[in-house]
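Some notes on the structure that comes next.
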Amino acid sequence: MWFKIIALVGSGVKPRIRKMLEDREPLILAIETSTRAGSVSLARGVEVLSAVLGDGASSHSTDLIENIERVLREGNAKLSDIDLFAVTVGPGSFTGLRIGLATVKAFGACLKKPCLPVSTLAAIAHAAGDSEMTASILPAGRGEVYAQAFSVRAEIVSALDGASHIKPSELVEKYGHARTIRWAGEGAHQHLATLRRGGIVNWITSGEGEPAGAQVGWSVAPQPTYLANSVAFLALTDYRDGKAIDTSQLRANYVRASDAEINQRWLQLNS
């Protein structure tokens, strides 16, 4: 594959040929609307060309298209240049997920380009860095959280269990057996007091001392500024493995039922 050729030829190749090989890597537009602020990233292979952070105080419907236009402008690209669309499919904000998925489906239908769905929790684990065990935690509303554990080695993210919808008090019960664990995501920061009661928690300092993944004990990862960068990277990995799909196949993974579905079931049971 072309990315392997680039690694093999190294710095000795002529700049013009090297650029030609690098251009074989897909131009990826990654959209992350699962979290409150969300983000958009433009990447050529593993290289991030530009990234934009959304506004956590407003709906993604307000600024997503504007942020896409901005990231393309700053990355000196047009929407028609995109080779691959990457989008978070959940869990996360129900409304946010629908906005991101609808946007990518529209782009894919118009441009006839493939896409890749990316787990929000897997992206959070990737952004937190290499770790023996990372528990990705996202707020799920009603004081509950989405949670899933991963191992991250050389930026390869592997799920250790399935995504769940639980109470914060159950996090330590579910994952507290681990001698070494990295807590990551907005939910981990929101419920830090609960985690502190469950074990020894130390904040990770980036780039100082022992690598975070080698630390023994419990730690909390800093929140990523641009989660879409990790979405782009994970999509690239799946793209290289031939897992790209048509945008018509995109489906959200809400993990839990929506309020409307819960109310409908309650009415059916009590009718």
Checked segment 93-184 with the C-alpha gyration tensor, a ≥ b ≥ c its square-rooted eigenvalues, rounded below a/c of 1.5, otherwise prolate if a/b is larger than b/c and oblate if not; verdict oblate
Measure up Lys78/Lys112; Lys113/Lys243; Lys105/Lys167; Lys105/Lys243 against 24 Å on the Cα-Cα distance and list the ones that go over. Lys105/Lys167
Rank by packing, highest mean first: peptides 127-138, 103-114, 154-165, with packing defined as the count of other Cβ atoms within 10 Å averaged across residues. 127-138, 103-114, 154-165
Specify whether the C-alpha gyration tensor of segment 80-136 places it in the rounded, prolate or oblate class, a ≥ b ≥ c being the square roots of the eigenvalues: rounded for a/c under 1.5, otherwise prolate if a/b is larger than b/c and oblate if not. oblate
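Here, each number is a calculation from the coordinates, and none is a lab measurement. All figures in this text were calculated on a predicted structure; none of them were measured in a lab. All Cβ positions, glycine included, derive from the backbone under ideal geometry; neighbour counts span all protein chains shown.
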